[in-house]
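Since the structure comes first, as structure tokens, the remarks are kept for the end.
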Ligand code: NI
């Protein structure tokens, strides 16, 4: 495992499931596991100050996104998106995210979610940033919005990808798109394990979505970015590649999409 480097492309190290006093140790454990960059997915104005404070303490390894999470979209979404826009003006963000549609938990806010999503796609275009997408039970609306927004020349990734190889192919036809693979790939009978046999390594990003979705053998416990190598090892096994290749290619993918070298 020595010398292997990884990027966790979607994590919430600032989440309140990590007590404030423990957060630095959580990041140290990730670095010790070879995870050199940890990209913080943003949720809403309520958590943003914690995220920015943690990023300020770890400028070498933490990067931030700015975005309004679909589960946080409510009647005040315009104010929330204005706050996202302010963060994009004031801070160096590597993506607009996590944004998207979630009808599993938020069917009642579907219309507002669609509006907030479109406005944030426009923001990504204005700021020349990729988008980090959260999508659950809203695949057709997602693709119809993306089709409508082709003129924005968007690029990005579907985070916590759990879809079929066909969903990936639909996405790929829309431009420069990746899928984020996390702990669920290690679960027994995981559908995504079948999908990634058909998704090229050059389109795969690693992510934990910590503190959620811990991979086997940590399933059910609080997740950490330090578990990225377990996810990479499972992908290596499924694809029949050396672990070092999965580390190298996924890291290059993340560096390219999020322009990590330029920072
Ligand atoms: Ni997340």
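For labels at residue 127 and residue 188 in the simple 7 Å Cα→Cβ model, what's the distance in nm?
4.3
Rounded to the nearest 500, what is the 222 nm mean residue ellipticity of the chain from helices alone, with -39500 (n - 2.57) per DSSP H run of 4+ residues and division by all residues? Write down the numbers at each step before the final one.
Numbers: 10 runs with 108 residues, N = 263.
That calculation yields -12500 deg cm²/dmol at 222 nm.
Taking only Cα atoms of region 148-263, what ratio of Rg to Rh do you get with Rh as the Kirkwood inverse-distance radius? Don't jump to the answer; show the numbers that get you there.
On the way: Rg = 14.1 Å, Rh = 14.5 Å.
Ratio value, two decimals: 0.97.
Between residue 173 and residue 256, take the C-beta separation as r, use R0 = 30 Å, and let me know the FRET efficiency to the nearest 0.05. Before the final figure, lay out each step's value.
Working: r = 19 Å, r/R0 = 0.65.
Efficiency, rounded to the nearest 0.05: 0.95.
Per residue, how big is the convex hull of region 88-157 when only Cα atoms are used? Give it in Å³.
Details: hull volume 5.8 nm³, N = 70.
In region 88-157, the Cα convex hull volume per residue is 83 Å³.
Relative contact order for the chain using alpha-carbon pairs under 8 Å, separation at least 6, rounded to a whole percent?
Details: 510 pairs, mean separation 54.3, N = 263.
For the chain, the relative contact order is 21 percent.
Order by neighbour count: 119, 81, fewest other Cβ atoms within 10 Å first, most last.
On the way: 119 17, 81 20.
Listing 119, 81 from fewest to most nearby Cβ atoms yields 119, 81.
Just the number: Rg to Rh for region 1-157, Cα atoms, Kirkwood Rh, two decimals. Mind showing how you got there, number by number?
Details: Rg = 16.0 Å, Rh = 16.1 Å.
Taking Rh as the inverse mean 1/r over Cα pairs, Rg/Rh reads 0.99.
I need the calculated FRET efficiency for the pair residue 118 and residue 60, taking r as the beta carbon distance and R₀ as 35 Å, to the nearest 0.05. All intermediate terms of the calculation are to be shown ahead of the outcome.
Numbers: r = 35 Å, r/R0 = 1.00.
Working from the Cβ atoms, E equals 0.50.
How many nm is it between the label spots at residue 105 and residue 202, if each spot is 7 Å from the Cα in line with the beta carbon?
Going by the 7 Å Cα→Cβ label model, 3.6 nm.
Using a basic spin-label model with each label point 7 Å from the Cα along Cα→Cβ, how many nm lie between residue 83 and residue 218?
Label-label distance for residue 83 and residue 218, simple model: 2.9 nm.
Kirkwood hydrodynamic radius, computed over distinct alpha-carbon pairs, for the chain: how many Å, to one decimal?
Details: mean 1/r = 0.0550 Å⁻¹.
Its Kirkwood hydrodynamic radius stands at 18.2 Å.
Which whole number in µm²/s is D for region 143-207 by Stokes-Einstein, with the Kirkwood Rh taken over Cα pairs at 37 °C and 0.692 mPa s? Kindly include the intermediate steps, with their values, before the conclusion.
Details: Rh = 12.2 Å.
Value of D from the Cα-based Kirkwood radius: 268 µm²/s.
Here, each number is a calculation from the coordinates, and none is a lab measurement. A quick note: this is a predicted structure, and the numbers were derived from the prediction, not measured. Here Cβ is always computed from backbone atoms with ideal geometry, including for glycine, and neighbour counts include all displayed protein chains.
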